[in-house]
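Undergrad: Structure incoming, see below.
The values are calculated or read from the model by the stated rules, or taken from the named source; none is laboratory data. Predicted model only: the values in this text are computed from it and were never measured. Quick reminder, even Gly has a Cβ in these numbers, built from the backbone with ideal geometry, and neighbours come from all protein chains shown. We work out accessible area using only protein heavy atoms, side chains counted, and drop any ligands, DNA or RNA first. Shrake-Rupley method; radii C 1.70, N 1.55, O 1.52, S 1.80 Å.
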Amino acid sequence: MNRKALFAAGESMDMTTGSLWKKIFVFSVPLMFSQVLQVLFNMADVAVVGRFASARALGAVGSTTILVTLFTGFLIGMGSGVNVITAQHLGAKEQRKTFEFNHTALLVCLLTGLLICALCLLLARFMLNLLNTKPELIDGAVLYFRIYALGMPALALFNYGNGVLSANGDTSRPLIYLTIAGVANVILNLFFVIVCGMAENGVALASIITQYMSAAMILWHMSRQHDDCRLSLKKVRFYKGHARHLLGLGLPAGLQNAIFAIANLFIQAGVNSLDTVMVEGNSAAANADALIYNVMAAFYTACSTFMGQNWGAKKQDRMLKSYAVSLIYSFLVGLLLGGLLYFFGETFLRLFTQDHETDVVQAGMQRIRIMGFSYCVSAFMDCTIAASRGIGKSFGPTVIVILGSCVFRVIWVYTIFAHFKTIPSLYLLYVFSWTITAIAEILFFLYSYRRTVRMN
């Protein structure tokens, strides 16, 4: 399929008919690049300070990765809630409900972003101290995180717009806008760090400028549409029942994403208990996590979106097939990217370190050797969570995630890792927690699906 056909297909898509293998792939490819570019905002920060500032600046920015993932993950979860509900209304041809919900959702997402921004500004040092951030890194980490937090409202608005457009089959527009913002982010990073002599504060400033750029572009596009997803800023308000509906699905979805980050706070605390070289190596290697997870996440979004539209259209046979196709795609992508990272890990790590810092590279490889072939296992858990969300079930999966991926990981950190005190003993917890949680999530989804079908 040529480039023109690919982007044209993203403009509008009927998910209730045609080949699911083809449509899920066409839907997911632009979304995949969109997800990656969103991660590259933070990754570009780490790369620029690592190459052109100092190892201390690299460690400072890297020390905030878990917190950035926590709060941005929450906003992405809210966006997925917007996506599912919009898809259900579109599938059921409910034009009025689509209009009212989307205008309510914009306000809910914006207020959520403002609240998160305020919390991050007030509690930045407190949260970083909880992570046992090294004393020599704490000031730079606090500065970076507080500046980065100013972009949270923009992230909320972008993920809102992304959720609405992707529910309607348009995954190409967010990609275009993020590409523009991503290029601007790299240019501004280099300008602030090399020309202006800034470090953590420079890359954070570049990030928030480009985040507001991408949010403004996607809202501008939505205001110029002429379909059911058109946005009129004059009509943005709380319409009856829609805010509660979004919070009922979006908050648990956001918490699911945030819970992983909360569990990882304990892992980061374990890493921070090791020497500074290991912390810096881990910061560089952790960039692969966000990259691979977000590529795989494109298929999770496809899963919940296709299930949502077919649920609204009452085509239940296509719902289970959407889940199966999305799961197969995400597993294969995780296996491929994890394998490439395993074999080319040192080259990847040198993107984030200076040439003489071979000890940092070797420290990062300890993590990569464990994680390389573990990513694909997470598909069974995350894709099933997306499938449950597609049928409107979000609370149950959240409880399972708390037990399987939060409580279990905390226990592992304070038992297995506390005993061995090595990177392998720490990162093996991922594949074990993913396996346990996936089994429980699959059982929950199958039970919920059958029960919901009988009720309907």
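Undergrad: Determine whether segment 430-449 contains at least one residue that is within 17 Å of ILE262 (Cβ to Cβ), touching an Asp or Glu at 6+ places or on another chain (Cβ under 9 Å), outside any loop (DSSP other than H, G, I, E, B) and of a type in the set (Asp, Glu).
TA: No, that holds for no residue.
Undergrad: Specify the residue that is farthest from ILE436 (Cα to Cα); the eligible residues are those in segment 397-424 that are of a type outside the set (Lys, Arg) and open to solvent by less than 20 Å² (accessible area, probe 1.4 Å).
TA: That would be ILE423.
Undergrad: Something else: With the requirement that a residue be free of Cβ contacts under 8 Å to residues at least 40 places away in the same chain and assigned to a helix (DSSP H, G or I), what does segment 217-231 give you?
TA: Scanning segment 217-231 gives TRP220, SER223.
Undergrad: OK, next. Could you tell me whether segment 386-401 includes any residue that is closer than 22 Å to ALA286 by Cβ and assigned to a helix (DSSP H, G or I)?
TA: yes
Undergrad: Has segment 77-86 got at least one residue that is hydrophobic (A, V, I, L, M, F, W, C) and either open to solvent by 10 Å² or more (accessible area, probe 1.4 Å) or at pLDDT below 85 (or both)?
TA: No, because not a single residue in segment 77-86 is hydrophobic (A, V, I, L, M, F, W, C) and either open to solvent by 10 Å² or more (accessible area, probe 1.4 Å) or at pLDDT below 85 (or both).
Undergrad: ALA379 - would you say it is aliphatic (A, V, I, L, M), part of a helix (DSSP H, G or I), under 24 Å from SER448 (Cα atoms) and open to solvent by 10 Å² or more (accessible area, probe 1.4 Å)?
TA: Criteria not met by ALA379.
Undergrad: Looking at segment 177-206, which of the residues that are of a type in the set (A, V, I, L, M) and free of Cβ contacts under 8 Å to residues at least 24 places away in the same chain is nearest to LEU75 (Cα to Cα)?
TA: My answer is VAL183.
Undergrad: Out of curiosity, is GLY364 part of a helix (DSSP H, G or I) and crowded, with 24+ Cβ neighbours inside 10 Å?
TA: yes
Undergrad: Something else about it: Going by the structure shown, is GLY334 surrounded by fewer than 23 Cβ atoms within 10 Å (Cβ to Cβ), of a type outside the set (A, V, I, L, M, F, W, C), at pLDDT 90 or above and assigned to a helix (DSSP H, G or I)?
TA: Considered against the rule, which asks whether it is surrounded by fewer than 23 Cβ atoms within 10 Å (Cβ to Cβ), of a type outside the set (A, V, I, L, M, F, W, C), at pLDDT 90 or above and assigned to a helix (DSSP H, G or I), GLY334 comes out as no.
Undergrad: Something else about it: Hey, among the residues in segment 304-324 that are of a type in the set (Phe, Trp, Tyr) and under 22 Å from the mean Cα position of the chain (by Cα), which one's least open to solvent (accessible area, probe 1.4 Å)?
TA: PHE306
Undergrad: Cβ-Cβ under 6 Å, sequence separation 6+ or interchain: first residue in segment 398-412 and basic (Lys, Arg), partner open to solvent by less than 10 Å² (accessible area, probe 1.4 Å). Which pairs?
TA: ARG409/ALA263; ARG409/LEU429; ARG409/SER433
Undergrad: Now a separate question. Examine segment 425-444 for a residue that is at pLDDT below 90, open to solvent by 10 Å² or more (accessible area, probe 1.4 Å) and over 16 Å from MET371 (Cβ atoms), and state whether such a residue exists.
TA: No: segment 425-444 contains no residue that is at pLDDT below 90, open to solvent by 10 Å² or more (accessible area, probe 1.4 Å) and over 16 Å from MET371 (Cβ atoms).
Undergrad: With the requirement that a residue be of a type in the set (Ser, Thr, Tyr), within 23 Å of the chain's Cα centre (by Cα) and over 30 Å from LEU175 (Cβ atoms), what does segment 264-295 give you?
TA: Matches in segment 264-295: none.
Undergrad: Counting only residues that are in a helix (DSSP H, G or I) and touching a residue at least 40 places away in the same chain (Cβ under 8 Å), which one in segment 125-137 is surrounded by the fewest Cβ atoms within 10 Å (Cβ to Cβ)?
TA: Top of the filtered list is GLU136.
Undergrad: Sticking with this structure for a sec: Take the residues in segment 337-355 that are assigned to a loop (DSSP other than H, G, I, E, B) and open to solvent by less than 30 Å² (accessible area, probe 1.4 Å); name whichever of them is nearest to ILE391 (Cα to Cα).
TA: Among those that are assigned to a loop (DSSP other than H, G, I, E, B) and open to solvent by less than 30 Å² (accessible area, probe 1.4 Å), it is PHE352.
Undergrad: I would also like to ask the following. Are there any pairs, at least 6 apart or on different chains, whose C-beta atoms fall under 7 Å, with the first in segment 6-22 and under 17 Å from ALA167 (Cα atoms) and at pLDDT below 85 and the second open to solvent by 60 Å² or more (accessible area, probe 1.4 Å) and not in a helix (DSSP H, G or I), and if so, which?
TA: Pairs found: THR16/LYS315.
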